[in-house]
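Here is the structure we will look at, set down as structure tokens.
The values are calculated or read from the model by the stated rules, or taken from the named source; none is laboratory data. Here the structure is a predicted model, which is why all the values come from computation and not from measurement. Glycine also receives a Cβ, built like all others from the backbone with ideal geometry; neighbour counts cover every protein chain displayed. The area values use the complete protein model at the heavy-atom level, side chains included, leaving out ligands, DNA and RNA. Shrake-Rupley method; radii C 1.70, N 1.55, O 1.52, S 1.80 Å.
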Amino acid sequence: MRTDGILGDGRRSAINTARNKHKWLVVLGVVLHAVYMLSIFDIFFKTPIVHGMDPVPPRFSAPAKRLVLLVADGLRADKFYEPDSEGGYRAPFLRSIIRKKGRWGVSHARPPTESRPGHVAIIAGFYEDPSAVTKGWKANPVEFDSVFNQSRHTFSYGSPDIVPIFCGALPHSTWNSYPHEFEDFATDASFLDEWSFDQFQNLLNRSNEDPKLKQLLQQDKLVVFLHLLGCDSNGHAHKPFSSIYLNNVKVVDKIAEKVYNLVQDYYKDNQTAYIFTADHGMSDKGSHGDGHPTNTDTPLVAWGAGVGHPLPISRSDHHENTGRFIDDHLHDTETPSEWGLSGMTRLDVNQADIAPLMSTLLGLPCPVNSVGNLPLQYMNLNKAEEVEAVLANTKQILNQFLRKSQLKQSTSLYTKPFKPLASYSSVLRQIEHLISLKEYETAMKQSEQLRSLALQGLHYFQTYDWLMLMTVITLGYVGWMIYVILHVLQSYTSLPANIFCKEQVPNPRSTVKVHLLGGLLMGVACTLLLVEKSPPLYHAYVVMTMFLWTQIFSEYRFLKALCRYLCGKVNDYYLKLIATCVFSVVILELLVKSFTERKLYTWCFLTTGVAVPFYLYRSLPMSSGIPIFVWMACWFLSVFTLMPPQIPENTMLVVAGAMMIITIGVVLRYVELHAKDNRYWLSLVAQDSRKLKFPLLFHLQILLVGLASLMVWLSTTHRTEKQELLVLHQLVNWSIAGFSMILPLFSATGLLSRLTSIFLGVAPPFLLLSIGYEAVFYGALGLALIAWILVENAYLHISKFRLSSTPVKSMEDDNRCLELSDMRIPLTFMVFFNIAFFGTGNFASIASFEISSVYRFITVFSPFLMAALLIFKLLIPFILVICAFSAITKLVQVPLLGCYFLVILCSDVMTIHFFFLVKNKGSWMEIGNSISHFGIMSAQVVFVLMLFAVTNIFTKDIQVRSAQQFSRKKM
């Protein structure tokens with residue numbers, strides 16, 4: 001008997017060795033993937049905020065009694081500093097401040113460059129809590145400290161999306177925000193900035209008649225925060241190069257001037273500090289969020305009480321510094337000459353550094369969760385005050401480190417300390433001693449070094465559990481894949497019959513010790529986690545992983561016999577096995593890359609369109625037409641991943657797609673009736689051609705496709721002419737879609753006949769939900785799937801396999817064993833399954849699909865029904881792919897469940913890769929995409945199984961003509 005590698009051909013009795021486990025294995029896979037999917041939130045998105053630290057006030061008098069913070073939302077640094085088209089500057093007042101009264105620079109924001117994370121960095125001094133990713137940056141998942149919290153009172157006016165975050169639950173605050181309706185992108189939004197100023201002006205005017213308010217305003221440690229949204233709204237609506245955006249920069253400058261004059265006239269004490277900055281910039285396309293310099297570079301201007309005067313530039317100011325800012329820009333960046341500020345010292349900071357700057361100016365403790373470094377170069381302090389300010393900043397960050405260390409030690413049986421800070425107390429004593437000796441320079445250096453180590457220590461404890469959790473999850477995925485491989489080898493291959501032919505039959509009692517030992521280890525691990533007060537999911541991760549490896553070791557007799565079996569193989573066998581594994585991994589890694597580079601599918605099908613026809617051309621006669629058909633189908637499908645993901649509306653393409661679908665259906669029908677002339681097509685049709693003649697059903701399906709294209713044209717015409725879509729039109733559309741879906745159940749059971757009927761049956765609803773080139777993609781995908789079936793059929797003839805002597809049999813009754821070469825089937829399925837993801841857009845982001853796709857079924861806004869229709873549209877290409885996959889397993893007579901487990905094995909190789917690609921830094925889009933990619937692959941064990949169950953309704957009756965029967969008939 002011939003064998004072919006590990007999955008060698010053999011007697012059918014071996015297939016039933018462990019088949020009883022497949023239902024249990026599916027349930028285990030669903031639970032495992034659901035639990036492991038949650039692990040990324042315990043690893044990558046755990047809040048860095050801790051509570052229980054005491055504030056550290058600076059030990060010197062506050063330089064300022066009050067502080068005014070002006071934040072111009074969405075203001076780019078270059079548009080603020082550069083000259084306008086007339087040679088003047090857009091911010092003349094603030095430029096005069098830079099030259100005469102204050103200091104300036106660029107504030108470097110860290111992605112995600114969104115409004116909320118930017119304001120949190122400015123006001124609270126830390127970079128947005130990663131757990132906020134699950135809240136869409138709206139609510140505060142964990143309450144945090146801020147400059148406003150530490151102030152005596154805060155007055156705040158501006159956007160309803162920003163001001164309430166910091167002042168909504170703050171008792172010592174006075175605030176107001178305009179309604180959301182004011183944020184109208186169709187207008188010039190600079191009036192929102194004027195609104196914020198007017199609110200502040202009215203406050204000061206009211207105080208002249210309100211003694212309590214007057215008394216409150218005369219106190220120290222006050223903060224005034226004006227949020228100016230105009231630049232952000234105008235940038236989104238009109239782009240940052242527009243005259244409206246650039247004029248808004250002038251408006252912001254005038255407001256800064258009016259605020260300055262108003263406060264100076266009101267107080268007349270020169271005890272006010274002013275800071276002007278922005279939360280993020282704006283890209284040329286009118287968006288923000290990523291790490292591009294147009295988004296991360298924002299202006300910073302500070303002046304007033306406690307702030308140093310302008311510094312003329314000198315050679316000593318620029319020294320070689322390899323340090324980098326939070327947005328990965330180098331320190332000492334050269335100032336563009338067109339800014340006209342080359343003679344003034346530029347002082348760049350990280351965005352989180354602004355919070356300790358504001359706190360120190362007001363004599364307040366830094367926010368307890370701040371990670372900002374105090375930018376001393378902005379302040380006007382003597383040496384002693386500078387050291388005290390930096391020391392207070394250092395102690396505040398050190399307190400966070402000590403608190404995290406304390407929390408970890410209180411719950412862990414063993415904690416590996418952060419060694420560089422083991423003697424922090426002696427360093428603090430030495431710094432205090434140096435201050436008492438007035439050794440300020442040395443004290444300053446040691447304080448800054450200690451602060452740097454404290455920041456490293458914070459990161460150390462933030463990621464303390466990462467190694468353990470990532471190891472457990474990785475071992476879990478690896479264990480699951482090994483367990484799946486063992487199940488496939490035992491249940492769907494001839495290996496049990498081959499390797500146990502001379503072995504003693506495994507005794508079930510021999511695995512009891514393994515299970516007892518595994519249970520004992522799980523109990524010990526859970527007890528340790530319970531003592532350490534670990535989260536419940538930690539228990540689930542560990543138990544799941546240990547359970548899988550217990551199941552693997554319980555198969556030690558099979559593993560031992562398998563090793564002996566492999567050792568007896570020749571070198572050619574090992575080369576074949578290694579080559580198959582390497583090829584599989586390369587294909588799967590390319591699929592991982594395709595999630596960010598859709599064009600890879602173009603190269604994939606261009607290459608396949610040459611390689612496969614060349615292989616077939618050497619083995620098949622030209623009269624078969626298969627090599628040419630495969631070449632054309634692959635190259636045609638390769639075009640669509642070059643198309644834009646956002647599908648442009650084009651009704652004529654939808655109609656053309658319908659004509660293409662009808663043509664494909666007619667050609668397939670013709671081939672089906674004349675297959676006797678081509679032996680490579682004949683095995684795809686049923687044995688008795690008379691049973692295949694259902695002209696009324698076929699004609700009805702063709703008619704429904706044509707009617708669907710007509711309704712597409714009529715419905716679109718009504719909408720473009722701004723006419724209301726008639727209820728009759730909607731009823732007809734619903735009827736066509738529903739009726740066409742059930743017709744394939746009444747088609748003939750021959751492989752080609754049933755697949756043609758399915759292709760025509762799901763086409764009308766897809767057409768009615770199409771707006772552009774995706775209708776043509778449907779036809780191209782159908783052609784490529786037919787090519788796949790023909791290639792598999794041709795491979796059967798080329799390899800001269802003889803499957804079954806029974807004329808027509810259900811493949812559930814007679815399957816052969818899986819072979820190593822059968823790995824091509826799940827790999828090809830993975831490619832087609834993923835191109836169904838990306839052929840018509842990006843399934844990972846439903847927002848990339850046009851809502852107008854559903855207008856032919858419903859025009860009144862109904863989010864749940866509209867979303868259901870969109871998802872249904874996206875599922876239709878998957879239905880085609882899985883129907884073709886099921887048909888191929890029947891054609892080559894391999895077990896469908898065995899191939900399903902190989903598909904899950906392939907998807908988990910990709911899942912592990914995506915697990916290590918999850919991001920908790922970067923833009924909101926990058927973070928969200930990394931989560932969705934990991935989630936999509938993790939969910940495939942359920943998603944594919946669900947689609948198998950649905951499509952099985954159509955494919956369970958498919959029958960094929962066996963190769964051996966066909967050969968005898970030919971003879």
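Quote the relative contact order of the chain in percent (integer), defining contacts as alpha-carbon pairs under 8 Å separated by 6+ residues.
16 percent.
The aspartates and glutamates whose alpha-carbon is closer than 16 Å to the alpha-carbon of Lys921, local same-chain residues fewer than 8 away aside, are Asp42, Glu114, Glu128, Asp129, Asp290, Asp327, Asp328. Entry for region 888-932 at q = 0.27 Å⁻¹: log10 I(q)/I(0) = -0.89, Debye formula applied to identical alpha-carbon scatterers, no solvent contribution. Of all DSSP beta bridges confined to the chain, the antiparallel ones make up roughly 40%. Excluding ligands, DNA and RNA, the accessible surface per residue across the chain is 42 Å² with a 1.4 Å probe.
Under the 0.36 nm per residue contour assumption, what length would be gained going from the current alpha-carbon distance of Gln201 and Lys23 to full extension?
Residue separation times 0.36 nm, minus the Cα-Cα distance, leaves 57.0 nm.
Could you give the dipole magnitude of the chain about its Cα centre, charging the beta-carbon of Lys and Arg +1 and that of Asp and Glu -1, in debye to the nearest 20? Dipole magnitude for the chain comes out near 4220 debye.
Mind scanning Lys101/Lys239; Lys46/Lys593; Lys221/Lys268 and naming the pairs with a C-alpha gap bigger than 22 Å?
Long pairs (Cα-Cα over 22 Å): Lys101/Lys239; Lys46/Lys593.
A Förster distance of 25 Å, applied to the separation of the beta-carbon atoms of Tyr574 and Tyr617, puts the FRET efficiency at 0.20. Amide H to amide H, with H built 1.01 Å from N, Ser156 comes under 5 Å of Thr174, Trp175, Asn176, Phe225, counting only residues 5 or more places away or on other chains. Apolar share of the accessible surface for region 328-476: 54 percent from carbon plus sulfur atoms, 1.4 Å probe. For Lys214, the aspartates and glutamates whose Cα falls under 19 Å of its own Cα, not counting residues fewer than eight places away in the same chain, are Asp198, Asp265, Asp269. Estimated from helical segments only, the mean residue ellipticity of the chain at 222 nm is -18500 deg cm²/dmol, where each DSSP H run of four or more residues counts as -39500 (n - 2.57).
Two tests apply to each whole DSSP H helix in the chain, Cα reach of 24 Å or more along its axis and mean Kyte-Doolittle hydropathy of at least 1.6, and the ones passing both are 512-531, 651-673, 863-891, 896-917. Database remark: amide H of Val307 closer than 5 angstrom to the amide H of Asn380 (H placed geometrically; neighbours at sequence offset of 5 or more, or on other chains; Pro and chain starts carry no H). Straight-line cross-link reach from Lys560 at under 12 Å between alpha-carbon atoms covers these aspartates and glutamates, not counting any fewer than eight positions away in the same chain: Glu503. Its alpha carbons give the chain an Rg and a Dmax of 34.8, 111 Å.
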